[in-house]
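Participant: What follows is a structure written as C-alpha coordinates; I'll ask about it next.
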Amino acid sequence: PRQKHAVSMQAINFQDHDLHLSRSSSPRSNRLGKACIIICFTFSVFLALKRLGSNFDHSSAHFVEGVEPVNTKSQATRRCYSSIADFSRPLDGEWKETLTQPPWWKLQCKYQPATSSCAYHEYPVNKRALRLAKSRFVPYKCDLEAFNADLFLRALKGKQLVIAGDSLSQQLFHSLLCRIEAYVVEEHIPWGNISQKMKGWCGINKKCMPDNGVHSHYLEAPENPVWVICRHNVTIRFVSIKGEAWLDKLDFISSFTRHSDLLILNKGAWRQKGYPAFKTSMEELASYMVANRKLMPTTWWRETNPQHFQGPNGDYVPGKKLPPSAKTCVKPARQRLKVHHEDPVNKISNYVINSINIPIMYSAHSMMSAHDAHTFTGGLDCTHLCTPGVEVMWIDVLYGWLTSAHAQTYLSCPHMTSGSATCGAY
(Lines give C-alpha, C1' and ligand atoms only; values in the text may rest on other atoms or scores of the structure.)
Protein backbone atom coordinates (compact mmCIF):
# COMPACT_ATOMS: atom_id res chain seq x y z
CA PRO A 1 0.00 0.00 0.00
CA ARG A 2 2.83 2.43 0.76
CA GLN A 3 4.40 1.89 -2.64
CA LYS A 4 1.07 2.26 -4.41
CA HIS A 5 0.48 5.47 -2.47
CA ALA A 6 3.92 6.71 -3.48
CA VAL A 7 3.14 6.10 -7.15
CA SER A 8 -0.18 7.94 -6.96
CA MET A 9 1.39 10.88 -5.08
CA GLN A 10 4.13 11.02 -7.69
CA ALA A 11 1.48 11.26 -10.40
CA ILE A 12 -0.24 14.08 -8.52
CA ASN A 13 3.02 15.98 -8.12
CA PHE A 14 3.78 15.66 -11.82
CA GLN A 15 0.31 16.95 -12.67
CA ASP A 16 0.81 19.97 -10.40
CA HIS A 17 4.21 20.63 -11.94
CA ASP A 18 2.70 20.30 -15.43
CA LEU A 19 0.03 22.82 -14.55
CA HIS A 20 2.66 25.26 -13.29
CA LEU A 21 4.66 24.96 -16.53
CA SER A 22 1.64 25.54 -18.69
CA ARG A 23 1.00 28.85 -16.97
CA SER A 24 4.54 30.20 -17.11
CA SER A 25 5.98 28.96 -20.42
CA SER A 26 5.56 29.61 -24.11
CA PRO A 27 3.41 27.17 -26.18
CA ARG A 28 6.50 25.52 -27.72
CA SER A 29 8.42 25.18 -24.48
CA ASN A 30 5.19 24.08 -22.85
CA ARG A 31 4.85 21.20 -25.34
CA LEU A 32 8.49 20.22 -24.86
CA GLY A 33 8.05 20.42 -21.13
CA LYS A 34 4.99 18.23 -21.28
CA ALA A 35 6.81 15.65 -23.39
CA CYS A 36 9.71 15.54 -20.93
CA ILE A 37 7.31 15.26 -18.02
CA ILE A 38 5.39 12.39 -19.65
CA ILE A 39 8.62 10.51 -20.41
CA CYS A 40 9.95 11.05 -16.88
CA PHE A 41 6.62 10.13 -15.34
CA THR A 42 6.36 6.91 -17.42
CA PHE A 43 9.89 5.89 -16.45
CA SER A 44 9.22 6.64 -12.77
CA VAL A 45 6.05 4.57 -12.81
CA PHE A 46 7.93 1.71 -14.49
CA LEU A 47 10.59 1.76 -11.76
CA ALA A 48 7.97 1.94 -9.03
CA LEU A 49 6.02 -0.99 -10.45
CA LYS A 50 9.23 -2.99 -10.81
CA ARG A 51 10.00 -2.43 -7.13
CA LEU A 52 6.41 -3.28 -6.26
CA GLY A 53 6.62 -6.56 -8.18
CA SER A 54 9.83 -7.58 -6.44
CA ASN A 55 8.22 -7.09 -3.03
CA PHE A 56 4.80 -8.44 -3.89
CA ASP A 57 2.99 -10.31 -1.16
CA HIS A 58 2.66 -13.91 -2.40
CA SER A 59 -0.09 -14.67 0.09
CA SER A 60 -2.68 -16.30 -2.10
CA ALA A 61 -1.37 -19.81 -1.84
CA HIS A 62 -2.65 -20.92 1.53
CA PHE A 63 -6.22 -21.51 2.38
CA VAL A 64 -8.12 -24.52 3.54
CA GLU A 65 -11.09 -25.66 1.49
CA GLY A 66 -14.04 -23.45 2.37
CA VAL A 67 -11.90 -20.66 3.85
CA GLU A 68 -11.17 -17.63 1.72
CA PRO A 69 -7.75 -15.95 1.95
CA VAL A 70 -7.44 -12.21 2.37
CA ASN A 71 -5.42 -11.85 -0.83
CA THR A 72 -6.28 -14.19 -3.69
CA LYS A 73 -3.88 -12.82 -6.30
CA SER A 74 -0.23 -13.73 -6.65
CA GLN A 75 2.69 -12.53 -8.71
CA ALA A 76 4.67 -15.75 -8.26
CA THR A 77 5.40 -17.22 -11.65
CA ARG A 78 4.95 -20.90 -10.89
CA ARG A 79 3.58 -23.47 -8.52
CA CYS A 80 5.85 -24.91 -5.82
CA TYR A 81 7.09 -28.44 -6.66
CA SER A 82 6.52 -27.90 -10.37
CA SER A 83 10.33 -27.94 -10.57
CA ILE A 84 12.27 -31.04 -9.55
CA ALA A 85 14.74 -28.78 -7.73
CA ASP A 86 12.04 -27.86 -5.17
CA PHE A 87 12.14 -31.40 -3.79
CA SER A 88 15.78 -31.16 -2.77
CA ARG A 89 15.79 -27.92 -0.78
CA PRO A 90 13.71 -25.98 1.73
CA LEU A 91 11.36 -23.27 0.53
CA ASP A 92 12.36 -19.76 1.54
CA GLY A 93 9.64 -17.36 2.60
CA GLU A 94 7.83 -15.94 5.61
CA TRP A 95 4.71 -16.42 7.73
CA LYS A 96 1.77 -14.14 7.01
CA GLU A 97 -1.86 -13.97 8.06
CA THR A 98 -3.66 -14.91 4.86
CA LEU A 99 -6.91 -16.44 6.11
CA THR A 100 -10.00 -14.52 7.12
CA GLN A 101 -10.90 -17.26 9.61
CA PRO A 102 -9.23 -20.35 11.13
CA PRO A 103 -9.71 -23.75 9.47
CA TRP A 104 -11.28 -24.86 12.79
CA TRP A 105 -11.48 -23.32 16.24
CA LYS A 106 -10.98 -24.70 19.74
CA LEU A 107 -12.41 -28.26 19.86
CA GLN A 108 -14.77 -27.92 16.90
CA CYS A 109 -12.78 -30.60 15.10
CA LYS A 110 -13.49 -33.91 16.83
CA TYR A 111 -9.91 -35.09 16.22
CA GLN A 112 -8.30 -32.09 17.97
CA PRO A 113 -6.60 -32.89 21.30
CA ALA A 114 -7.23 -30.18 23.87
CA THR A 115 -3.58 -30.31 24.91
CA SER A 116 -2.48 -28.56 21.71
CA SER A 117 -5.47 -26.25 21.24
CA CYS A 118 -4.09 -22.87 22.23
CA ALA A 119 -7.46 -21.36 21.33
CA TYR A 120 -9.18 -23.62 23.89
CA HIS A 121 -6.74 -22.82 26.71
CA GLU A 122 -5.84 -19.18 25.98
CA TYR A 123 -8.44 -17.30 23.96
CA PRO A 124 -9.55 -14.54 24.48
CA VAL A 125 -6.99 -13.67 27.20
CA ASN A 126 -4.18 -14.25 24.72
CA LYS A 127 -5.15 -13.81 21.08
CA ARG A 128 -2.03 -15.32 19.54
CA ALA A 129 -3.99 -18.52 18.81
CA LEU A 130 -6.12 -16.61 16.31
CA ARG A 131 -3.06 -15.15 14.61
CA LEU A 132 -1.36 -18.54 14.38
CA ALA A 133 -4.50 -20.25 13.06
CA LYS A 134 -4.85 -17.66 10.28
CA SER A 135 -1.19 -17.75 9.24
CA ARG A 136 0.38 -19.61 6.34
CA PHE A 137 3.94 -19.86 5.07
CA VAL A 138 4.33 -17.78 1.93
CA PRO A 139 7.30 -18.75 -0.27
CA TYR A 140 9.09 -15.97 -2.13
CA LYS A 141 9.61 -17.71 -5.46
CA CYS A 142 6.61 -20.00 -5.94
CA ASP A 143 3.02 -20.54 -4.85
CA LEU A 144 2.03 -23.31 -2.47
CA GLU A 145 -1.28 -24.59 -3.77
CA ALA A 146 -4.38 -24.15 -1.62
CA PHE A 147 -5.29 -27.38 0.16
CA ASN A 148 -8.27 -29.15 -1.38
CA ALA A 149 -9.46 -32.23 0.53
CA ASP A 150 -11.04 -33.93 -2.47
CA LEU A 151 -7.96 -33.53 -4.69
CA PHE A 152 -5.74 -34.66 -1.83
CA LEU A 153 -7.72 -37.88 -1.41
CA ARG A 154 -7.94 -38.46 -5.16
CA ALA A 155 -4.14 -38.36 -5.29
CA LEU A 156 -4.13 -41.22 -2.75
CA LYS A 157 -7.04 -43.15 -4.25
CA GLY A 158 -7.00 -46.78 -3.18
CA LYS A 159 -3.90 -46.34 -1.01
CA GLN A 160 -2.98 -46.19 2.65
CA LEU A 161 -1.19 -43.18 4.08
CA VAL A 162 0.72 -44.07 7.24
CA ILE A 163 2.10 -41.29 9.43
CA ALA A 164 4.63 -42.82 11.83
CA GLY A 165 6.68 -41.17 14.51
CA ASP A 166 6.46 -39.40 17.84
CA SER A 167 3.96 -36.90 19.22
CA LEU A 168 4.86 -34.32 16.56
CA SER A 169 3.91 -36.85 13.90
CA GLN A 170 0.65 -37.30 15.78
CA GLN A 171 0.12 -33.56 15.48
CA LEU A 172 0.57 -33.87 11.72
CA PHE A 173 -1.97 -36.73 11.75
CA HIS A 174 -4.71 -34.92 13.67
CA SER A 175 -4.14 -31.67 11.77
CA LEU A 176 -4.63 -33.53 8.50
CA LEU A 177 -7.77 -35.26 9.82
CA CYS A 178 -9.25 -31.92 10.84
CA ARG A 179 -8.85 -30.71 7.26
CA ILE A 180 -10.56 -33.75 5.74
CA GLU A 181 -13.11 -34.38 8.51
CA ALA A 182 -16.06 -34.03 6.14
CA TYR A 183 -14.63 -36.82 3.94
CA VAL A 184 -14.20 -39.45 6.69
CA VAL A 185 -16.64 -42.36 6.29
CA GLU A 186 -15.33 -44.69 9.03
CA GLU A 187 -12.94 -44.27 11.94
CA HIS A 188 -11.26 -45.87 14.92
CA ILE A 189 -9.90 -43.14 17.20
CA PRO A 190 -9.41 -44.45 20.74
CA TRP A 191 -8.94 -41.63 23.23
CA GLY A 192 -6.93 -42.36 26.37
CA ASN A 193 -8.31 -41.79 29.84
CA ILE A 194 -7.48 -38.40 31.26
CA SER A 195 -4.72 -38.64 33.86
CA GLN A 196 -4.55 -36.83 37.18
CA LYS A 197 -1.79 -34.68 35.74
CA MET A 198 -3.96 -33.70 32.79
CA LYS A 199 -6.81 -32.76 35.11
CA GLY A 200 -4.55 -30.03 36.43
CA TRP A 201 -3.83 -28.63 32.98
CA CYS A 202 -5.73 -25.35 32.91
CA GLY A 203 -5.09 -22.45 30.59
CA ILE A 204 -4.69 -18.77 31.30
CA ASN A 205 -8.40 -18.40 30.50
CA LYS A 206 -9.17 -20.90 33.36
CA LYS A 207 -10.32 -23.50 30.83
CA CYS A 208 -9.24 -27.00 31.95
CA MET A 209 -9.02 -30.35 30.19
CA PRO A 210 -12.34 -32.07 29.38
CA ASP A 211 -13.24 -34.57 32.12
CA ASN A 212 -14.46 -37.37 29.85
CA GLY A 213 -11.06 -38.10 28.29
CA VAL A 214 -12.21 -37.19 24.76
CA HIS A 215 -9.81 -34.67 23.23
CA SER A 216 -7.06 -35.84 25.60
CA HIS A 217 -4.59 -38.01 23.62
CA TYR A 218 -4.73 -40.94 21.21
CA LEU A 219 -4.23 -44.35 22.80
CA GLU A 220 -2.41 -46.04 19.92
CA ALA A 221 -0.91 -49.54 19.96
CA PRO A 222 -0.56 -52.39 17.44
CA GLU A 223 -3.60 -54.06 18.99
CA ASN A 224 -5.44 -50.74 19.24
CA PRO A 225 -4.83 -48.95 15.92
CA VAL A 226 -5.71 -45.34 15.12
CA TRP A 227 -7.12 -44.89 11.62
CA VAL A 228 -9.78 -43.35 9.43
CA ILE A 229 -11.20 -44.45 6.08
CA CYS A 230 -12.09 -41.64 3.71
CA ARG A 231 -13.78 -41.23 0.37
CA HIS A 232 -11.91 -42.57 -2.65
CA ASN A 233 -11.01 -45.64 -0.58
CA VAL A 234 -8.17 -43.94 1.28
CA THR A 235 -7.05 -45.15 4.71
CA ILE A 236 -4.99 -42.81 6.89
CA ARG A 237 -3.30 -44.36 9.92
CA PHE A 238 -1.04 -43.19 12.73
CA VAL A 239 1.67 -45.44 14.20
CA SER A 240 3.55 -44.27 17.27
CA ILE A 241 7.36 -44.65 17.25
CA LYS A 242 9.08 -43.00 20.20
CA GLY A 243 11.96 -44.33 22.26
CA GLU A 244 11.64 -47.93 21.10
CA ALA A 245 13.79 -49.46 18.35
CA TRP A 246 12.84 -48.80 14.74
CA LEU A 247 12.94 -52.33 13.48
CA ASP A 248 9.96 -53.90 15.25
CA LYS A 249 7.71 -50.97 14.33
CA LEU A 250 8.84 -51.03 10.71
CA ASP A 251 8.19 -54.77 10.56
CA PHE A 252 4.72 -54.04 11.91
CA ILE A 253 4.08 -51.32 9.30
CA SER A 254 5.20 -53.59 6.46
CA SER A 255 2.74 -56.26 7.68
CA PHE A 256 -0.34 -54.24 6.71
CA THR A 257 0.92 -52.06 3.83
CA ARG A 258 1.84 -52.52 0.18
CA HIS A 259 4.70 -50.88 -1.65
CA SER A 260 2.25 -48.61 -3.45
CA ASP A 261 1.12 -47.17 -0.09
CA LEU A 262 2.83 -44.13 1.41
CA LEU A 263 4.74 -43.82 4.70
CA ILE A 264 5.64 -40.44 6.21
CA LEU A 265 8.37 -41.24 8.72
CA ASN A 266 10.21 -39.37 11.49
CA LYS A 267 11.22 -39.74 15.12
CA GLY A 268 13.96 -37.16 15.38
CA ALA A 269 12.64 -35.58 18.57
CA TRP A 270 13.51 -38.76 20.48
CA ARG A 271 17.27 -38.40 20.90
CA GLN A 272 17.66 -38.38 24.68
CA LYS A 273 20.93 -40.33 24.47
CA GLY A 274 22.65 -37.62 22.46
CA TYR A 275 23.59 -37.05 18.84
CA PRO A 276 26.06 -39.95 18.47
CA ALA A 277 23.38 -42.42 19.56
CA PHE A 278 20.88 -40.73 17.25
CA LYS A 279 23.29 -41.12 14.32
CA THR A 280 23.67 -44.82 15.10
CA SER A 281 19.87 -45.16 15.20
CA MET A 282 19.55 -43.45 11.81
CA GLU A 283 22.18 -45.74 10.31
CA GLU A 284 20.24 -48.75 11.58
CA LEU A 285 17.15 -47.34 9.90
CA ALA A 286 19.06 -46.89 6.64
CA SER A 287 20.34 -50.46 6.69
CA TYR A 288 16.83 -51.77 7.32
CA MET A 289 15.30 -49.71 4.50
CA VAL A 290 17.92 -50.82 1.97
CA ALA A 291 17.43 -54.48 2.90
CA ASN A 292 13.63 -54.28 2.86
CA ARG A 293 12.81 -51.78 0.10
CA LYS A 294 10.46 -54.12 -1.74
CA LEU A 295 8.58 -54.97 1.47
CA MET A 296 8.13 -51.42 2.72
CA PRO A 297 5.65 -48.83 1.51
CA THR A 298 6.99 -45.92 -0.49
CA THR A 299 8.69 -43.78 2.17
CA TRP A 300 9.13 -40.04 2.54
CA TRP A 301 11.13 -38.67 5.45
CA ARG A 302 9.72 -35.64 7.29
CA GLU A 303 12.35 -33.27 8.65
CA THR A 304 12.44 -32.94 12.43
CA ASN A 305 10.71 -29.84 13.69
CA PRO A 306 13.01 -27.29 15.39
CA GLN A 307 12.75 -26.84 19.14
CA HIS A 308 13.08 -23.50 20.91
CA PHE A 309 14.51 -24.33 24.32
CA GLN A 310 17.62 -22.75 25.88
CA GLY A 311 20.19 -25.10 24.36
CA PRO A 312 22.50 -23.85 21.60
CA ASN A 313 20.42 -25.62 18.93
CA GLY A 314 17.10 -25.05 20.67
CA ASP A 315 17.49 -28.36 22.51
CA TYR A 316 16.05 -28.99 25.93
CA VAL A 317 18.67 -28.64 28.67
CA PRO A 318 17.86 -30.92 31.66
CA GLY A 319 17.28 -28.92 34.80
CA LYS A 320 17.19 -25.61 32.96
CA LYS A 321 13.73 -24.12 32.73
CA LEU A 322 12.37 -20.93 31.30
CA PRO A 323 11.20 -18.46 33.94
CA PRO A 324 7.47 -18.59 34.84
CA SER A 325 7.10 -15.06 33.46
CA ALA A 326 8.28 -16.13 29.96
CA LYS A 327 5.74 -15.28 27.28
CA THR A 328 7.32 -17.27 24.45
CA CYS A 329 10.01 -19.86 23.88
CA VAL A 330 13.56 -18.82 23.02
CA LYS A 331 14.02 -16.81 19.85
CA PRO A 332 16.50 -18.63 17.58
CA ALA A 333 19.91 -17.16 16.85
CA ARG A 334 20.27 -15.45 13.49
CA GLN A 335 22.44 -18.28 12.19
CA ARG A 336 19.58 -20.77 12.65
CA LEU A 337 17.27 -18.62 10.50
CA LYS A 338 19.38 -18.97 7.36
CA VAL A 339 17.64 -21.03 4.70
CA HIS A 340 20.49 -23.53 4.33
CA HIS A 341 21.11 -23.94 8.06
CA GLU A 342 20.63 -27.43 9.48
CA ASP A 343 20.39 -28.12 13.19
CA PRO A 344 22.49 -31.18 14.19
CA VAL A 345 19.49 -33.54 14.26
CA ASN A 346 18.49 -32.72 10.67
CA LYS A 347 22.10 -32.56 9.52
CA ILE A 348 22.54 -36.15 10.69
CA SER A 349 19.21 -37.51 9.47
CA ASN A 350 19.26 -35.70 6.12
CA TYR A 351 22.74 -37.02 5.33
CA VAL A 352 21.74 -40.60 6.15
CA ILE A 353 18.36 -40.42 4.38
CA ASN A 354 19.90 -38.87 1.26
CA SER A 355 22.44 -41.68 1.15
CA ILE A 356 19.66 -44.25 0.62
CA ASN A 357 17.74 -42.13 -1.88
CA ILE A 358 14.61 -41.47 0.18
CA PRO A 359 13.03 -38.02 -0.45
CA ILE A 360 13.09 -35.53 2.41
CA MET A 361 10.13 -33.26 3.12
CA TYR A 362 11.98 -30.05 4.03
CA SER A 363 9.92 -28.14 6.58
CA ALA A 364 12.29 -27.26 9.45
CA HIS A 365 13.45 -23.95 8.00
CA SER A 366 9.93 -22.60 7.64
CA MET A 367 9.21 -23.32 11.33
CA MET A 368 12.52 -22.05 12.69
CA SER A 369 11.25 -18.50 13.17
CA ALA A 370 8.02 -19.65 14.87
CA HIS A 371 9.34 -19.62 18.45
CA ASP A 372 6.01 -18.24 19.67
CA ALA A 373 3.93 -21.06 18.12
CA HIS A 374 4.33 -23.60 20.96
CA THR A 375 1.84 -24.75 23.58
CA PHE A 376 1.56 -23.53 27.16
CA THR A 377 -0.62 -26.34 28.47
CA GLY A 378 0.91 -27.74 31.67
CA GLY A 379 3.78 -25.26 31.38
CA LEU A 380 5.78 -23.75 28.54
CA ASP A 381 6.40 -26.51 25.97
CA CYS A 382 8.94 -25.55 23.32
CA THR A 383 8.53 -28.74 21.28
CA HIS A 384 4.83 -29.18 20.55
CA LEU A 385 2.83 -26.75 18.46
CA CYS A 386 -0.46 -24.95 18.81
CA THR A 387 -2.97 -26.44 16.37
CA PRO A 388 -4.18 -25.11 14.08
CA GLY A 389 -1.00 -23.14 13.54
CA VAL A 390 2.35 -23.47 11.84
CA GLU A 391 1.98 -27.27 11.60
CA VAL A 392 0.04 -26.44 8.43
CA MET A 393 3.43 -26.33 6.69
CA TRP A 394 3.56 -30.12 6.92
CA ILE A 395 0.11 -30.29 5.32
CA ASP A 396 1.02 -27.84 2.57
CA VAL A 397 4.25 -29.66 1.68
CA LEU A 398 2.50 -33.05 1.71
CA TYR A 399 -0.32 -31.71 -0.47
CA GLY A 400 2.13 -30.03 -2.84
CA TRP A 401 4.10 -33.26 -3.22
CA LEU A 402 1.07 -35.49 -3.73
CA THR A 403 -0.47 -33.27 -6.37
CA SER A 404 2.81 -32.74 -8.22
CA ALA A 405 3.40 -34.73 -11.39
CA HIS A 406 6.89 -35.61 -10.12
CA ALA A 407 5.60 -37.02 -6.82
CA GLN A 408 2.84 -38.99 -8.52
CA THR A 409 5.45 -40.68 -10.70
CA TYR A 410 7.44 -41.51 -7.61
CA LEU A 411 4.40 -42.78 -5.69
CA SER A 412 3.34 -45.07 -8.53
CA CYS A 413 6.73 -46.78 -8.84
CA PRO A 414 6.43 -50.57 -8.41
CA HIS A 415 9.73 -50.78 -6.50
CA MET A 416 12.14 -48.25 -5.06
CA THR A 417 15.63 -48.71 -6.37
CA SER A 418 18.49 -46.48 -5.30
CA GLY A 419 19.74 -44.27 -8.12
CA SER A 420 16.82 -44.99 -10.44
CA ALA A 421 16.14 -42.24 -12.92
CA THR A 422 12.39 -42.67 -12.70
CA CYS A 423 11.61 -44.08 -9.25
CA GLY A 424 12.49 -42.23 -6.12
CA ALA A 425 15.23 -40.07 -7.57
CA TYR A 426 14.49 -36.38 -7.61
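Participant: Over region 136-287, what is the relative contact order in whole percent, taking alpha-carbon pairs under 8 Å and six or more residues apart? Before the final figure, lay out each step's value.
Facilitator: Details: 190 pairs, mean separation 48.8, N = 152.
Here the relative contact order equals 32 percent.
Participant: Moving to a separate point now. With every protein chain left in place and a probe of 1.4 Å, what is the accessible surface of residue 256, to the nearest 10 Å²?
Facilitator: The value for residue 256 is about 50 Å².
Participant: If you don't mind, another one. Ordered by packing density, taken as the mean number of other Cβ atoms within 10 Å over each peptide's residues, highest first, how do 394-400, 141-147 rank?
Facilitator: 394-400, 141-147
Participant: Output ³J(HN,Hα) for region 310-315: one whole-Hz value per residue in order, computed from phi by the Karplus curve 6.51 cos²θ - 1.76 cosθ + 1.60 with θ = phi - 60°, and x for Gly and Pro.
Facilitator: With coefficients 6.51, -1.76 and 1.60, one gets 8, x, x, 10, x, 5 Hz.
Participant: Ratio of alpha-carbon Rg to the 2.2 N^0.38 Å globular estimate for region 183-313, to two decimals, please.
Facilitator: Here the answer is 1.28, to two decimals.
Participant: Enter the accessible area per residue of region 125-278 (Å², integer; probe 1.4 Å; all protein chains in place).
Facilitator: Each residue of region 125-278 exposes 43 Å² on average to a 1.4 Å probe.
Participant: From the Cα gyration tensor of region 127-263, with a ≥ b ≥ c the square roots of its eigenvalues, which class applies: rounded if a/c is under 1.5, or else prolate if a/b is larger than b/c, or else oblate?
Facilitator: oblate
Participant: Taking H as built 1.01 Å from N, whose amide H comes closer than 5 Å to the amide H of residue 234, not counting residues under 5 places away?
Facilitator: Placed amide hydrogens put 158 under 5 Å from residue 234.
Participant: Still on this structure, I have one more. Please sort 124-132, 161-169 by packing, taking for each peptide the average over its residues of neighbouring beta carbons within 10 angstrom, highest first.
Facilitator: 161-169, 124-132
Participant: Report, to the nearest whole %, how much of the accessible area of region 224-271 belongs to carbon and sulfur atoms, 1.4 Å probe, protein only.
Facilitator: 51 percent
Participant: With θ taken as phi - 60° and the coefficients 6.51, -1.76 and 1.60, list the Karplus ³J(HN,Hα) couplings across region 173-190 in order, rounded to whole Hz; mark glycine and proline as x.
Facilitator: For region 173-190, the Karplus curve yields 4, 6, 5, 5, 4, 5, 8, 10, 3, 5, 9, 7, 10, 7, 8, 9, 10, x Hz.
Participant: Compute the separation of the alpha-carbon centres of region 176-214 and region 310-352 and state it in Å as a whole number.
Facilitator: 28 Å
Participant: Which log10 I(q)/I(0) values does region 105-208 give at q = 0.12, 0.14, 0.17, 0.21 Å⁻¹ under the Debye formula, counting every alpha carbon as one identical point scatterer?
Facilitator: Relative scattering, expressed as log10 I(q)/I(0), comes to -0.55, -0.74, -1.03, -1.33.
Participant: Something else: As a test question: what accessible area, to the nearest 10 Å², does residue 229 have when a 1.4 Å probe is rolled over all protein chains in place?
Facilitator: 40 Å²
Participant: Write down the radius of gyration of region 219-278 and its Dmax, each obtained from C-alpha positions, in Å.
Facilitator: Rg then Dmax for region 219-278, in Å: 13.6, 44.
The values are calculated or read from the model by the stated rules, or taken from the named source; none is laboratory data. What you see is a predicted model, and the numbers here were worked out from it, not measured in a lab. Every residue, glycine among them, receives a Cβ derived from its backbone with ideal geometry; neighbour counts consider all protein chains shown. Please note that ligands, DNA and RNA were not included when accessible areas were found on the heavy atoms of the full protein model with its side chains. Shrake-Rupley method; radii C 1.70, N 1.55, O 1.52, S 1.80 Å.
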